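> What follows is a single structure, and I will ask about it in a moment.
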Amino acid sequence: MDLSVFKNALSAVLVALCGVVGCTNGLPPEPPRTLQIQQTWELKPGDTLAGHRIIGGLGDISIALSGDKTLYAPLDGRLQPHSPDCVIFSSEELPIYLFRLCGVQNPHWGQIRSREKLGTANILNLAVLNRLSDGKWAFVEPSKQIIEQMLQPPNTAFMPTP
């Protein structure tokens, strides 16, 4: 087989593979971020129970989204892997807080500007964690305003819920 024919065939296969599995979001650019959480529970996101993956837990809120809903960065920040089903969003604008988002599909890893796409989700399990003085993280109540910013497209006028 001619080498140029082989290269063309290989290129066609790679292009087709990118179309099927996607090339831009692929594998995360870094290893999963680990967190030492102050509260510990027997079951947590990422665990398996009777053959089923746990995607939420105590400290999370679950939001049923209509279809494949796009999620947006509420601030300039960074999206990192955390567990097979969860990602971590952090921002230097709120350095003592982390957002653990479970159920995110097609995540956009790395640095993200405010209102850019984080990924999509059908069901979003969200937890907000606050950094304590001992370096551990504790669950805190999430801000409705921040969650609404994650769910509303950037060109939509932000109307806080009363």
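The values are calculated or read from the model by the stated rules, or taken from the named source; none is laboratory data. What you are looking at is a predicted structure, and each value in this text was computed from that prediction instead of being measured. A quick note on method: Cβ atoms are made from the backbone with ideal geometry, for glycine too, and the neighbour counts reach across all protein chains shown.
> Looking at F89, F99 in this structure, which one is within 15 Å of Q36 (Cα to Cα) and of a type outside the set (S, T, N, Q)?
Working: F89 fails: within 15 Å of Q36 (Cα to Cα).
Exactly one residue qualifies, and that residue is F99.
> Would you confirm whether any residue within segment 63-86 is closer than 21 Å to Q145 by Cβ, among the β-branched types (V, I, T), in contact with a Phe, Trp or Tyr (Cβ under 9 Å, 6 or more places away or on another chain) and in a strand (DSSP E or B)?
No, that holds for no residue.
> Q145 - would you say it is within 14 Å of the chain's Cα centre (by Cα) and either under 19 Å from G56 (Cα atoms) or free of Cβ contacts under 8 Å to residues at least 60 places away in the same chain (or both)? Quick ask: steps written out before the conclusion?
Working: within 14 Å of the chain's Cα centre (by Cα): no; either under 19 Å from G56 (Cα atoms) or free of Cβ contacts under 8 Å to residues at least 60 places away in the same chain (or both): yes.
The answer is no for Q145.
> Give I123, I112, I61, I55 a once-over and let me know the one that is within 13 Å of the chain's Cα centre (by Cα) and surrounded by fewer than 18 Cβ atoms within 10 Å (Cβ to Cβ).
So the residue among I123, I112, I61, I55 that is within 13 Å of the chain's Cα centre (by Cα) and surrounded by fewer than 18 Cβ atoms within 10 Å (Cβ to Cβ) is I123.
> Give the residues of segment 103-123 that are among the hydrophobic types (A, V, I, L, M, F, W, C) and either at pLDDT 95 or above or more than 22 Å from K44 (Cβ to Cβ) (or both), sorted by residue number.
V104, W109, I112, L118, A121 - these are the residues of segment 103-123 that are among the hydrophobic types (A, V, I, L, M, F, W, C) and either at pLDDT 95 or above or more than 22 Å from K44 (Cβ to Cβ) (or both).
> Provide a single number: the residues in segment 100-128 that are in contact with a strand residue (DSSP E or B) (Cβ under 6 Å, 6 or more places away or on another chain), outside any strand (DSSP E or B), farther than 14 Å from S62 by Cβ and not aromatic (F, W, Y).
The number of residues fulfilling the criteria is 4.
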